[in-house]
1. Would you mind checking which residues have amide H under 5 Å from B:Gly368's amide H? H placed 1.01 Å from N; only 5 or more apart, or other chain.
2. Under the definition of partner shielding as Cβ atoms of other protein chains within 10 Å of a residue Cβ, what is the mean value for peptide B:225-236?
3. What's the percent breakdown of Cα-Cα distances in region B:38-89 across 5 Å bins, shortest bin first?
4. Please list B:39-45, A:20-26 highest first by mean number of surrounding beta-carbon atoms within 10 Å per residue.
5. Could you work out how much longer the chain between B:Arg283 and B:Thr193 gets when fully extended? Use 0.36 nm per residue separation minus the Cα distance between them, nm to one decimal.
6. Between region B:374-447 and region B:193-251, what is the C-alpha centre distance in whole Å?
7. Alpha carbon centre of region B:253-330 versus region B:46-90: separation in Å?
8. Assign unit charges at the C-beta atoms only (+1 for Lys and Arg, -1 for Asp and Glu), then state the dipole size of chain B relative to its Cα centre in Debye, rounded to the nearest 20.
Amino acid sequence: MNLLGDVKNMNSSEIRTEIIQFLKQNTKNAAALTAVTDQTNLIESGLLDSIDFIGLVSHLEMKFGVEFDLVEQPIEDFVVLGSLIRQVEGIQPC
Amino acid sequence: MNPPIESSIQELFAAALSGGRASPAVVTRERTLTYAELASIASALARQFTALCDVLGGPRLLGIYGGQTADTYAAIAAAILGGGGYVPLNPDFPPDRSAFMVADSGLRVLFVADAEQESFRRLQLLLPPGLTIIGMPRDSAAVAPGALPKADAQTIAYILYTSGSTGRPKGVRVSHGNVTHYVRELRAEYQFTSADRFSQLSDLTFDFSVLGIFCAFACGGALFPFGKSDKFSPVRYVRSNALTIWYSVPSLAVYAQELNMLKPGSMPSLRVSIFCGEALTVRTADAWQRATPTACLDNHYGPTEATVSCAWFRWNAASHQHEYRNGIVPIGLPMPGTTLAVADPQGNFVPPGTEGELCIGGAQVCLGYTDELRTRAVFFTRENPATHQRERWYKTGDRAVYNTALATYEYLGRLDSQVKIQGYRVELGEVESVIRKAYGSDSVVVIPHPIEGGAAKGLVAFLEVRPNSPSLEVIVAACHAQMPHYMCPAAFHFLNQIPLNSNGKFDRRELARRCEEHEFERNSH
């Protein structure tokens, strides 16, 4: 058991669902949600601003018990939906 | 040997822009512009600009419609080299707002950056007749050579628009003399050199951008404009560009702190960090300093009307000997050439230790607003109690006190309903005015929320329910059509009745309290 959160071996579909759910609850640009694909940049599409991005990162870290390295890795790894899913999948729970 | 005392920005730029230097002036992801290239492009553009001004008349001002691209910075240099000033227009702002700025500033010449030709079409339909549009010169050598006019200390260097309580933005006119003084003081304090690499995070309509642009070009350093995604990865941006000079609003440091980016020693290249524009908490200052152990960290204070910043406070290990009001780093003492004084409601300067309205006098107090009536309301001439010279003063609307124990000024809040969102000034009255018009009712209140570390993170609107009112979508669309993104409320709540206080006015405190207690369901859009 990891104290950081509800750690599960989730697949990409479940991770995507979790992220989309977060976006539905928090985005200021709901219209952009209808066109989301794995190539969508969550920032440039206006789905998230910097405060929402903090919320999403914190949510995913808690939910999946992971810790992202936003200093060493390019930000594109975290703001493009498909890349973000791969980050969650690829990082071992800490 | 003492450095020369320049009297205009043209003179400040002279050394860096002459001699065909191959060192970088502006570095973006797409392009690096050397000083030799910058000088060539800016000189050609300046000659085109001044020739048009001579024919068209009007103020010697170049409107600049562009983002943070190399040609936009070349256009700024051109406006200055041409003995004039610039009016920045942000392509992300609603066209109506930009069109107002064009008309209000009396622009006759407008530069449109290459990358913004497409978005410019929406604005072009709204522009007044008689405006000449120019772009990057395709062949710098083809522009007829000629001497460029000289600016003097009173020449406008830029006009920046801030939120206005009456529903119209205010155009702040800042002179070459103001900027020259500001750059000279910062250069003396921080010893900028051509080896320095400056962050450039603010869009050009925000006066904090002035620090990087003018200090970099004055010392021959390099400017590194933020890419859109860099904003989300500020520490990586510093590291990958080996930046030496950082300046930003504290919100960005808070953001990096929230995402655990501020690891100790993670930004070793920085030698100067400057924060300005909103409250800097002790907690954030400490975290930033741990991440930048070899850099000095200064908290600056100043309104656009006093040329970016005019007071400063050095944060260091010794700072921890004291307790600070509300855990906020003080705003410090005036820079050389500036005087601060606190006034009572009658306008009399009060002794140290007494709270009141902060007034600023001295070399950085700007020329005033484009609207003379507004200028008369907040600028005045009075004897400086320290020098006994009569000088120009500005009433900031900020509540402050001189703390005699700490020997520093402290910021206490606003006297009016102005707030800062990510460092941008926002008059709640302007936001309410837009919503009231769209909603067709005066029963509208906007408050800042949430507030974290003394800084507002966003706005929330409250509207009293009324029959046959426009839909939320219509109101949201009106906000986005007329105001920049940072002025648009993040949530709208419809109440049967907006609470009133004992004076019968809308009870903003009660609404804020209820927001804090999460009483309102968020109604996202």
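What follows draws every value from the coordinates through simple rules; no lab data is involved. Every value quoted in this text rests on a predicted model; they were computed, and no experiment measured them. FYI the Cβ positions are ideal-geometry reconstructions off the backbone, even for glycines, and counts take in every protein chain you see.
1. Here the answer is B:Arg173, since their amide H atoms fall under 5 Å of that of B:Gly368.
2. 5
3. 5, 25, 33, 25, 10, 2
4. Highest-to-lowest ranking by the protection proxy: B:39-45, A:20-26.
5. Length difference between fully extended and current span is 29.3 nm.
6. 27
7. Cα centroid of region B:253-330 versus Cα centroid of region B:46-90: 34 Å apart.
8. The dipole of chain B has a size of about 460 debye.
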